[in-house]
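So the structure is just underneath, and the comments pick up after that.
Each reported figure results from applying straightforward, stated rules to the coordinates on display, with no laboratory input. For clarity, every value in this text was computed on a predicted model and none was experimentally measured. Cβ placement follows ideal geometry from the backbone for every residue including glycine, while neighbour counts extend to all protein chains displayed.
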Amino acid sequence: MLVKLNYQDAQAVADTMGGELISYRDGSGTEYLWNGDDRYWSGRSPHLFPIIGTLKGGKTCIQGKEYSLLKHGFARNGEFDIYDTGEHFITFVLRDSAETRQVYPFRFSFYVTHTLVPGGFTTSYKLVNEGEEELYFNIGGHVGVQCPVFKQEVFEDYEIVFDRPLTVRACFPPNDDPIISEWYEELLVGEDTLSLSYDLFEKGPLIIDQIASHSLMLKNKHSGRGICFWYDGFPVLALWTFGRKKAPYLCLEPWHGLPAMEEDGPLFSEKPYIISLQPHAEKCLQYQVKIL
């Protein structure tokens, strides 16, 4: 079910399927979120829970039992309930079920709140452990944005400008196999700007572990138009588009977790950046998009 949101002169649309925000238009009618054109990628802005990417060998061990989870987990394909709503916000909730417990044995409530704010929106996550045992999870965003945003622009007109100079080694995994050290490349050395090109994503997504910045601008280097994206609290940032398809979007992905790594052991509780919650505890994270 689709739900419309309004704030000042902006309009947005949220979907109970996946609990996603699938449209955000400013007062001029300009659309900033990816439209899900299946010629390129039918996804929009999925929520990654309770894993990021794939599991090593497709399996993991939880509470002494082996489980399998599909890539990025099950939340993105789940039908969320509406927990609360108003003119400019909506809170979805996904709760555990007999189906989820077959692949992930924990009792939980996963709340996703989309709130329109001046010039943009905030997406907030809250995960509550509803059980009597310690719960483990990874979580991440996968925000598909139009790139280019405006007609007469091209993808290469855009650049990523971080909030500070960075020196990073980025991983470009070409497939879903466990990530190995040979897939890392030096990307930025004391710089804050990354020019975009489809060649950059020819091998696959760009993953920056231990990201030292808290925000970035995705903007046209000539006009300065675009968006600002805040992701404080997430230790990993991924960027992705279908380079070979020259897809007109870029995904901004703040992660609290990593895909399968070559050094991963069998225990789910020992995955990188795993979050643990004691019974009835909760964990909150959020990201924000604002129009430049």
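Annotations for the structure displayed:
- In the range 18-85, the trypsin sites (Lys or Arg not before Pro) that fall in loop regions by DSSP, at most 11 other Cβ within 10 Å: R39
- Sorted by Cβ neighbour density within 10 Å, fewest at the top, the residues T193, T113: T193, T113
- Enclosing the Cα atoms of the range 234-285 in their convex hull gives a volume equal to 115 cubic angstrom per residue.
- Note on F242/S68: beta-carbon distance plugged into 1/(1 + (r/R0)^6) with R0 of 41 Å gives a FRET efficiency of 0.95.
- A Stokes-Einstein calculation at 20 °C with viscosity 1.002 mPa s, built on the Kirkwood radius of the range 174-292 over Cα pairs, returns a diffusion coefficient of 131 µm²/s.
- For Y249, the amide hydrogen comes within under 5 Å of the amide hydrogens of C147, counting only partners 5 or more places away or on other chains and with H modelled in the peptide plane.
- Loop-located trypsin sites (Lys or Arg not before Pro) across the range 124-227 with a Cβ neighbour count of 12 or fewer within 10 Å are K151, with loop assigned by DSSP.
- All Cα-Cα distances of the range 89-202, cut into 10 Å bins from zero to the largest, leave 10, 24, 28, 28, 9, 0 percent in each bin in turn.
- Charge dipole magnitude, Cβ of K and R +1, D and E -1 - the range 130-246, Cα centre, debye nearest 20: 820 debye
- Order of S23, S109 - criterion: other Cβ atoms within 10 Å of each residue's Cβ, fewest first: S109, S23
- Given charges at Cβ of Lys, Arg, Asp, Glu: the range 156-275 dipole, positive-most of I227, L206, I274: I227
- Across all directions, the shadow cast by the convex hull of the range 148-206 built on its C-alpha atoms averages 5.0 square nanometres.
- Total charge dipole magnitude, the range 1-141, about the Cα centre, Cβ charges on Lys, Arg, Asp, Glu only, Debye to nearest 20: 480 debye
- Available extension along the chain between I275 and E185 is 29.6 nm, counting 0.36 nm per residue and deducting the alpha carbon span.
- Measuring between alpha carbons in the structure, the pairs from K151/K245; K65/K283; K4/K246 lying more than 23 angstrom apart are K65/K283; K4/K246.
- Stokes-Einstein diffusion coefficient of the range 1-117, Kirkwood radius over Cα pairs, 10 °C, 1.306 mPa s, in µm²/s: 101 µm²/s
- Spin-label model, D38 to D81: label points 7 Å out along the Cα-to-beta-carbon direction sit 3.0 nm apart.
- Expected-Rg normalisation [2.2 N^0.38 Å, Cα atoms] applied to the chain: 0.98
- Restricting attention to the chain, close to 95% of DSSP beta bridges with both partner residues there are antiparallel.
- Put a dot 7 Å past the Cα of R169, heading toward its Cβ, do the same for Q210, and the two dots end up 1.0 nm apart.
- In the range 201-247, inverting the average of 1/r over every pair of distinct C-alpha atoms gives 12.3 Å as the Kirkwood radius.
- Across every direction, the projection of the convex hull enclosing the Cα atoms of the range 84-147 has a mean area of 6.2 nm².
- Residues T16, T115, ranked from the fewest to the most other C-beta atoms within 10 Å, line up as T16, T115.
- Of the GluC sites (Glu not before Pro) found in the range 61-162, those that fall in a DSSP loop while having at most 10 other beta-carbon atoms within 10 Å are E87, E132.
- Rounded to the nearest 20, the Cβ-based charge dipole of the range 179-233 about its Cα centre (Lys and Arg +1, Asp and Glu -1) stands at 420 debye.
- Note on D232/D192: beta-carbon distance plugged into 1/(1 + (r/R0)^6) with R0 of 25 Å gives a FRET efficiency of 0.90.
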